[in-house]
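Input: a single structure, listed below in structure tokens.
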Amino acid sequence: MTDILFTGGRVYAAGHIEEADVLVRGGRVKAVGPHGSLCGARCTIDCSGLVLSPGFVDVHVHFREPGFEYKETIATGSRAAARGGYTIVCTMPNLNPAPDCAESLQRQIDIIDRDSCIRIYPYATITKGQKGAGELADYDGIMSSCAARVAGFSDDGRGVQSSELMEEAMKAIAGTGKLMSAHCEVEKLLHGGCIHEGHYAERNGHIGISSESEWAEVARDIEMAARTGCPYHICHISTKESVALLREAKRRGLNVTGETGPHYLVLCEDDMREEGRFKMNPPLRSAEDRAALVEAVADGTIDIIATDHAPHSAEEKSRGLEGSAMGIVGLETAFPVLYTHLVLSGRITLERLIEVMAVNPRRRFGFDGGIAPGDRADICLLDLGARYNIDSNTFLSKGRSTPFDGMPVCGEVVMTFSEGIPVYVKK
């Protein structure tokens, strides 16, 4: 590994952004000091006009391999992540085979070790076959063989419908030392809907998905987490009611955290179009829900922003709102969209954005890396002055479906380093 001196930039360190140089040696941060105070590196990178951030961490992505490589692969997904400034991602388990035992999980890990340019921690399933029902996955076998490689347990894409099965799972997962990351969705309340149950659905003749389908399961699970002691994380929060439940859980001192996605913070049902790129699960909600989510990010109720990067083929996303597959891509657009709409608008500071994209996910999931002496050198360089329009045709992901296509934004990732090794450099 080449020693690198990052000089002339501004650096995020201990909650503040300040002018500093950073020396990386042997893949770790050796020192952080005033401009001109460090030396001894074989390679010097001029960071004038740039901000150095800890590499971002996305605890909720879908890389589709094994089983659905036509949508995305570990190789394409990891390169897209690196372009977005991410040095760690956690892959969801809706795969074939589902990672519900050590053997299936190891198959995925082998592909990661062969093809990924960043660190990837896969989720194991909560239930066998990731069905949200039936039997629990082989937690003991997974932990005995793959504990260091597993992000946690999730059935993302399905909520566990049975309260009895969910409580059994929480009790078992509490003993593993890992998190449960829950997709909260009451299936009997979906009614075949494709978008939010609001004024857009009513005007355009669509069956709506109620907010209760999310928050009812959030409420159930929080009480179970309180009884079982299971570390619990709520995936892709989209409703104001879920925000209120999370805020109350934190007031009670429960071991509960939550995430939301860039699209829920920037868009709402008022922005909908009759196109598949506006269809995701959970759906875009009301303007009131969006405002509650932004407030929750600002005040610390919501801990993490995760993209729920969910690529599909162009054909699968070409069937309009009702017929298209649910899911959009997000790794390559998250930082510029959030910087433009949350930071430049004054809703949150740049420091807070880095916290929810890089610091808090590391803390919650136990990952290392950053820009303090001794840290694994996972770093991204940000050009805050860059101005451009998002163009999905330039994505490194196989997925192209995003509601942000064509949006004018500010801020761009120009370089990403994983353990001191450049994994993305803007051309």
Original post:
Are any of the residues in the range 98-106 of a type in the set (A, V, I, L, M, F, W, C), under 30 Å from Pro262 (Cα atoms) and surrounded by fewer than 24 Cβ atoms within 10 Å (Cβ to Cβ)?
Top reply: yes
Original post:
Looking at the range 43-67, which of the residues that are touching a Ser or Thr at 6+ places or on another chain (Cβ under 9 Å) and either free of Cβ contacts under 8 Å to residues at least 24 places away in the same chain or of a type in the set (A, V, I, L, M, F, W, C) (or both) is most open to solvent (accessible area, probe 1.4 Å)?
Top reply: Cys43
Original post:
Quick check: anything in the range 320-327 assigned to a loop (DSSP other than H, G, I, E, B), touching a Leu at 6+ places or on another chain (Cβ under 7 Å), under 27 Å from Leu396 (Cβ atoms) and polar (S, T, N, Q)?
Top reply: no
Subject >> Restricting the range 159-176 to residues that are free of Cβ contacts under 8 Å to residues at least 40 places away in the same chain and of a type outside the set (A, V, I, L, M, F, W, C), the residue that is most open to solvent (accessible area, probe 1.4 Å) >> reply: Glu164
Original post:
Which members of the range 299-331 meet the condition of being under 21 Å from the mean Cα position of the chain (by Cα), surrounded by fewer than 20 Cβ atoms within 10 Å (Cβ to Cβ), more than 16 Å from Phe63 (Cα to Cα) and of a type in the set (Ser, Thr, Tyr)?
Top reply: none
Original post:
Taking the range 237-262 as the region of interest, how many residues are open to solvent by 10 Å² or more (accessible area, probe 1.4 Å) and not aliphatic (A, V, I, L, M)?
Top reply: 10
Original post:
On the given criteria, is Ser78 open to solvent by 30 Å² or more (accessible area, probe 1.4 Å), outside any strand (DSSP E or B), in contact with a strand residue (DSSP E or B) (Cβ under 7 Å, 6 or more places away or on another chain) and not charged (D, E, K, R)?
Top reply: no
Subject >> Failed item, numbered, when Gly152 is tested on (1) touching a Ser or Thr at 6+ places or on another chain (Cβ under 6 Å); (2) closer than 22 Å to Arg290 by Cβ >> reply: (2)
Original post:
Of all the residues that make up the range 181-222, how many are open to solvent by 30 Å² or more (accessible area, probe 1.4 Å) and among the acidic types (Asp, Glu)?
Top reply: 4
Original post:
Could you list, in sequence order, the residues of the range 408-427 that are surrounded by 17 or more Cβ atoms within 10 Å (Cβ to Cβ) and in a loop (DSSP other than H, G, I, E, B)?
Top reply: Glu419, Gly420
Original post:
Pairs under 7 Å by beta carbon, first residue over 20 Å from Ile328 (Cβ atoms) in the range 397-417, partner in a loop (DSSP other than H, G, I, E, B) and among the small types (Gly, Ala, Ser), six or more apart or different chains?
Top reply: Thr416/Gly55; Thr416/Gly85; Phe417/Ala377
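Quick grid of which residues meet (1) β-branched (Val, Ile, Thr); (2) over 25 Å from Arg158 (Cβ atoms); (3) assigned to a helix (DSSP H, G or I); (4) at pLDDT below 95:
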position: Ala249; (1), (2), (3), (4): no, no, yes, no
position: Glu259; (1), (2), (3), (4): no, no, no, no
position: Glu288; (1), (2), (3), (4): no, yes, yes, no
position: Ala291; (1), (2), (3), (4): no, yes, yes, no
position: Thr307; (1), (2), (3), (4): yes, no, no, no
position: Glu315; (1), (2), (3), (4): no, no, no, no
position: Leu331; (1), (2), (3), (4): no, no, no, no
position: Pro336; (1), (2), (3), (4): no, yes, yes, no
Original post:
If you go through the range 356-392, how many residues are more than 18 Å from Val32 (Cα to Cα), open to solvent by 50 Å² or more (accessible area, probe 1.4 Å) and touching a residue at least 60 places away in the same chain (Cβ under 8 Å)?
Top reply: 2
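The values are calculated or read from the model by the stated rules, or taken from the named source; none is laboratory data. Treat the numbers as computed from the prediction; the structure is a model and nothing was measured. All Cβ positions, glycine included, derive from the backbone under ideal geometry; neighbour counts span all protein chains shown. Areas reflect the complete protein model, heavy atoms only, side chains present, ligands, DNA and RNA absent. Shrake-Rupley method; radii C 1.70, N 1.55, O 1.52, S 1.80 Å.
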